[in-house]
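The values are calculated or read from the model by the stated rules, or taken from the named source; none is laboratory data. Just so it is clear, the model here is predicted, and its values are computed rather than measured. As a convention, Cβ positions derive from the backbone with ideal geometry for all residues, glycine included, and neighbour counts pool all protein chains shown. Side chains are part of the model used for accessible areas, which takes the heavy atoms of the whole protein and leaves out ligands, DNA and RNA. Shrake-Rupley method; radii C 1.70, N 1.55, O 1.52, S 1.80 Å.
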Amino acid sequence: MSHPPPPSPPPPSPSPSHPKRTMSHSSIVVNVGTQSPEFQQWASQQWETVTVCYHAFTHLPTTRGEFVTSPEFTCLGRPWRLRAYPGGDLISGNDMIAAYLYNLSDESVKIDFTFCVKNSNSNNGSSGSTNST
């Protein structure tokens, strides 16, 4: 006589160290025309993506020059922080935010990065891009 297998344990609950993921990301690359050897070399390099979410952004300080810094995270083998100025930094235009990506390592690195500000209640958003060395 065989016994039925025991019931499966419930999935673990989200915790601060293992939060429930509620967002997905997909990346699609579309090429038009023939790729140059330079592009093929560039495209073959390792890419990493990090998403930093500032929750309840509308409740963050909006005074110009005040900022909120992310926890430290690792990307490309180096430690980083993102600093957001919801009300803009001292050189921002009116109704603008500012964001700075800080390389916390002693090693200089040239990167391309993009940031996007998105309202979680809609598909609308805006983004900016810059280079950092």
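Loop-only trypsin sites (Lys or Arg not before Pro) in the range 67-115, please: DSSP not H, G, I, E or B, and at most 12 other Cβ atoms within 10 Å.
On the way: sites: 81, 83, 110; in loops: 110.
Filter output for the range 67-115: 110.
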How much of residue 108 can a 1.4 Å solvent probe reach, expressed as accessible area in Å² and rounded to 10?
-> 90 Å²
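If you filter the range 31-62 for chymotrypsin sites (Phe, Trp or Tyr not before Pro), then keep DSSP loop positions with at most 12 other Cβ within 10 Å, what is left? Before the final figure, lay out each step's value.
Values: sites: 39, 42, 47, 54, 57; in loops: 47, 54.
Those that pass, being in a loop and sparsely packed, are 47.
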Taking the Cβ of residue 88 as the centre, find all other residues whose Cβ is under 14 Å away and add up their charges (Lys, Arg: +1; Asp, Glu: -1).
-> -1
Obtain the nm distance between the two label points defined at residue 81 and residue 111 by a simple spin-label model: each point lies 7 Å from its Cα along the Cα-to-C-beta direction.
-> 1.5 nm
What nm distance separates the two modelled labels at residue 121 and residue 90, each placed 7 Å from Cα along Cα→Cβ?
-> 3.5 nm
